[in-house]
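Down below is the structure, laid out as structure tokens.
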Amino acid sequence: MDFNIKDSLLGKKAITTEKYDTSLLFRIPRSENRVHYGIDDEHLPFVGFDVWNCYEVSFLTDNGLPVSRVMKLIYPADSTFLVESKSLKLYLNSFNMDRFGKTVKKAEERVGVTISHDLSILLETEVYVSLFDSTCEVRQPFPEFINSDLSRKVPVKKQESILFTRFNESPELLKSKLTDTLHSYLFRTDMLRSNCRVTNQPDWGDLFVQMTSKHDIEMSSILEYLVSFRKENHFHEEVVEMIYKRFWDIFNPEKLMVAAMYTRRGGIDINPIRASHPELIDET
């Protein structure tokens, strides 16, 4: 299948259908961006998942009763494709006026199975789907990062003294010294900003990094590097993989985890996580 982003509905006027429609879905090959950063699909330097939260999922029972749910879908980072977000939104909207079961429970079960089936076929991997109502427990991811903000690791005077001039991804900004001892790093930041590859709309995210390396890293250089994404045009998954690969190549870590929780756009937030070891992946 040849990939052409112009075939998608990104940046185009869309007509809302009132019937369930799988033809609205569009996939993008991960390799299209990975090749530029030396990430080999056959020998990935990480394991991980893409976790999507969709807040505008609604459908009808057979008697026309509306059911609204929050949907969480998860699929692995080693899948050949990722789903394009606007196409997913339009696909989910196609459920809004269609009927899926005699009872709320049966309609919910059918919708969950249908979405999992359709996305699994589209992405050629197993896609896990869960639907939640307002009574479900809300869990906090990355609790160990609460007091580990990157801005606290770089003195304010140092931050204010840096002349930030690089706003396109610049790995040469990363600075460290190789030592004989292991250093552990754990930090988060809300300074991550990049832009959609097609619409150029800004994407805002919280970044989470856990790393063990013999490199003594200048944390201010991490700050400068992350700021350099400000004019980058990439999908969320691509940004996380770029950061992971740069840290992997430059700091030669024994362990590494990079994740981002992006803010909601169009009723959907996307949260990629990549890790050198499965145990580094946050359970939530």
Subject >> Any strands (runs of 3 or more DSSP E) falling wholly within the stretch 35-85 and containing at least 1 residues that are under 20 Å from E18 (Cα atoms) and touching a residue at least 24 places away in the same chain (Cβ under 8 Å) >> reply: 47-60, 66-76
**OP:** Pull up the stretch 213-246, narrow it to residues that are open to solvent by 10 Å² or more (accessible area, probe 1.4 Å) and assigned to a loop (DSSP other than H, G, I, E, B), then point me to the one that is farthest from K175 (Cα to Cα).
**Re:** F235
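So, of the residues in the stretch 55-98 that are of a type in the set (S, T, Y) and under 21 Å from L122 (Cα atoms), which turns out to be surrounded by the fewest Cβ atoms within 10 Å (Cβ to Cβ)?
Selected residue: T80.
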Original post:
Any residue in the stretch 122-139 that is open to solvent by 50 Å² or more (accessible area, probe 1.4 Å), without any contact (Cβ under 8 Å) to a residue 24 or more places away in the chain and in a helix (DSSP H, G or I)?
Top reply: no
**OP:** May I ask you to list pairs of residues, at least six apart or on different chains, whose Cβ atoms are under 7 Å apart, with the first in the stretch 191-212 being under 15 Å from E84 (Cα atoms) and the second being outside any loop (DSSP other than H, G, I, E, B) and among the small types (G, A, S)?
**Re:** D203/S194
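Here is a yes/no grid of residues against (1) assigned to a strand (DSSP E or B); (2) of a type outside the set (A, V, I, L, M); (3) touching a Pro at 6+ places or on another chain (Cβ under 6 Å):
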{"residue": "Q159", "(1), (2), (3)": "no, yes, no"}
{"residue": "T181", "(1), (2), (3)": "yes, yes, no"}
{"residue": "V209", "(1), (2), (3)": "yes, no, no"}
{"residue": "V258", "(1), (2), (3)": "yes, no, no"}
Original post:
Does the stretch 152-165 contain at least one residue that is in contact (Cβ under 8 Å) with a residue 40 or more places away in the chain, among the aromatic types (F, W, Y) and surrounded by 13 or more Cβ atoms within 10 Å (Cβ to Cβ)?
Top reply: no
Subject >> Single unsatisfied condition, E108 versus (1) open to solvent by 30 Å² or more (accessible area, probe 1.4 Å); (2) touching a strand residue (DSSP E or B) at 6+ places or on another chain (Cβ under 7 Å); (3) assigned to a loop (DSSP other than H, G, I, E, B) >> reply: (3)
**OP:** Within the stretch 102-118, count every residue that is of a type outside the set (S, T, Y) and closer than 14 Å to Y20 by Cα.
**Re:** 8
Original post:
Are any residues in the stretch 193-212 touching a Leu at 6+ places or on another chain (Cβ under 7 Å) and open to solvent by less than 20 Å² (accessible area, probe 1.4 Å), and if so, which ones?
Top reply: G205, L207, M211
**OP:** Specify which of the listed residues (F187, F235) is modelled with pLDDT of 95 or more and of a type in the set (F, W, Y).
**Re:** F187
**OP:** Hey, can you tell me all the residues within the stretch 261-277 that are within 20 Å of T212 (Cβ to Cβ) and open to solvent by less than 10 Å² (accessible area, probe 1.4 Å)?
**Re:** R274, A275
Original post:
Could you say which residue among V113, V51 is open to solvent by 10 Å² or more (accessible area, probe 1.4 Å) and touching a strand residue (DSSP E or B) at 6+ places or on another chain (Cβ under 7 Å)?
Top reply: V51
Original post:
Which one of these is over 20 Å from the mean Cα position of the chain (by Cα) and within 30 Å of S58 (Cα to Cα): S134, S170, S151, S176?
Top reply: S134
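Quick grid of which residues meet (1) touching a strand residue (DSSP E or B) at 6+ places or on another chain (Cβ under 7 Å); (2) under 24 Å from P29 (Cβ atoms); (3) not charged (D, E, K, R):
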| residue | (1), (2), (3) |
| --- | --- |
| D203 | yes, yes, no |
| F208 | yes, no, yes |
| I222 | no, no, yes |
| E237 | yes, yes, no |
| R264 | yes, no, no |
| S276 | yes, yes, yes |
Subject >> Residue count, the stretch 140-156 (criterion: assigned to a loop (DSSP other than H, G, I, E, B) and of a type outside the set (A, V, I, L, M)) >> reply: 6
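The values are calculated or read from the model by the stated rules, or taken from the named source; none is laboratory data. Computed from a predicted model, the values in this text were never measured in an experiment. Every residue, glycine among them, receives a Cβ derived from its backbone with ideal geometry; neighbour counts consider all protein chains shown. Note: accessible area is taken over every heavy atom of the protein model, side chains too, but ligands, DNA and RNA are not part of it. Shrake-Rupley method; radii C 1.70, N 1.55, O 1.52, S 1.80 Å.
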